């Protein structure tokens, strides 16, 4: 494996499992020093153990803006700079829109969208200094409608627009901002996904791809490209990793 991230520092959220863990392992394998952030401390420790000494764990609930600011501060205090912000952490809950509790809606938005904004807000001064970049994990649900998932679709659509807006705002600087929009991926979120008991199966099956699920490592490979200097001409892009679901 190449060493595209030798001397680079990354902050990766959602690092305890799934795509976040795969990204952490990929970047560490390519030489990065990483602050790995998640709310699940035990699983996060497993990621750090697998990644090696270049990774430090930071347990935090990023639904709180102050926790986002503190995570960035901890990263810079630990490693001295910040080159890559990987906004990965996310939650998914399915349900009839008319029955979604206020607390559940606000939690989805806080984790999936608000945290991305506040982490970016805190990280941008350091990224500008380093000539770094942001890679956000959106979803194909942010590009097309998914049944029983209105709040999730809203949050991921917001991530897409946050990516584009920041890319334009900092177009005259070295800062790059891109996003990846996966569809079904072999993660704990996919494994635990539950729809309402009276689900309309026709609406759900139309979202299934002909090629099956992607693996987290495939998303991590795209992330590593976008976060590296090889993608220095790429900003404001949304890369789909969805086995053709969005286009079809």
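A single member of 240, 235, 163 is assigned to a loop (DSSP other than H, G, I, E, B) and in contact with a strand residue (DSSP E or B) (Cβ under 8 Å, 6 or more places away or on another chain), and it is 235. Tell me, please, whether a residue that is out of contact with any strand residue (DSSP E or B) (no Cβ under 8 Å at 6 or more places or on another chain), at pLDDT 85 or above and not in a loop (DSSP other than H, G, I, E, B) can be found in the range 177-199. For the range 177-199, residues out of contact with any strand residue (DSSP E or B) (no Cβ under 8 Å at 6 or more places or on another chain), at pLDDT 85 or above and not in a loop (DSSP other than H, G, I, E, B): absent. Total residues in the range 1-38 satisfying the condition of being assigned to a loop (DSSP other than H, G, I, E, B) and in contact with a strand residue (DSSP E or B) (Cβ under 7 Å, 6 or more places away or on another chain): the figure is 5.
Every listed requirement among (1) in contact with a strand residue (DSSP E or B) (Cβ under 6 Å, 6 or more places away or on another chain); (2) closer than 30 Å to residue 102 by Cβ is met by residue 219 save one, (2).
Within the range 121-146, which residues are within 24 Å of residue 183 (Cβ to Cβ) and part of a helix (DSSP H, G or I)?
Initial filter on the range 121-146 (within 24 Å of residue 183 (Cβ to Cβ)): 133-146.
140, 141, 142 - these are the residues of the range 121-146 that are within 24 Å of residue 183 (Cβ to Cβ) and part of a helix (DSSP H, G or I).
Of the set (1) over 19 Å from residue 120 (Cβ atoms); (2) surrounded by 16 or more Cβ atoms within 10 Å (Cβ to Cβ); (3) within 19 Å of the chain's Cα centre (by Cα), all apply to residue 41 but (2). Determine if the range 81-101 includes at least one residue that is closer than 27 Å to residue 228 by Cβ and either surrounded by fewer than 21 Cβ atoms within 10 Å (Cβ to Cβ) or modelled with pLDDT under 95 (or both). Checking the range 81-101: at least one residue is closer than 27 Å to residue 228 by Cβ and either surrounded by fewer than 21 Cβ atoms within 10 Å (Cβ to Cβ) or modelled with pLDDT under 95 (or both). The conditions are (1) touching a strand residue (DSSP E or B) at 6+ places or on another chain (Cβ under 7 Å); (2) assigned to a helix (DSSP H, G or I), and residue 49 fails exactly one of them. Which is it? Unmet for residue 49, out of (1) touching a strand residue (DSSP E or B) at 6+ places or on another chain (Cβ under 7 Å); (2) assigned to a helix (DSSP H, G or I): (1).
The values are calculated or read from the model by the stated rules, or taken from the named source; none is laboratory data. Bear in mind that the values here come from a model prediction, so they are computed numbers and not experimental data. When we count neighbours, we look across all protein chains shown, and the Cβ atoms used for this are built from the backbone with ideal geometry, even at glycine.
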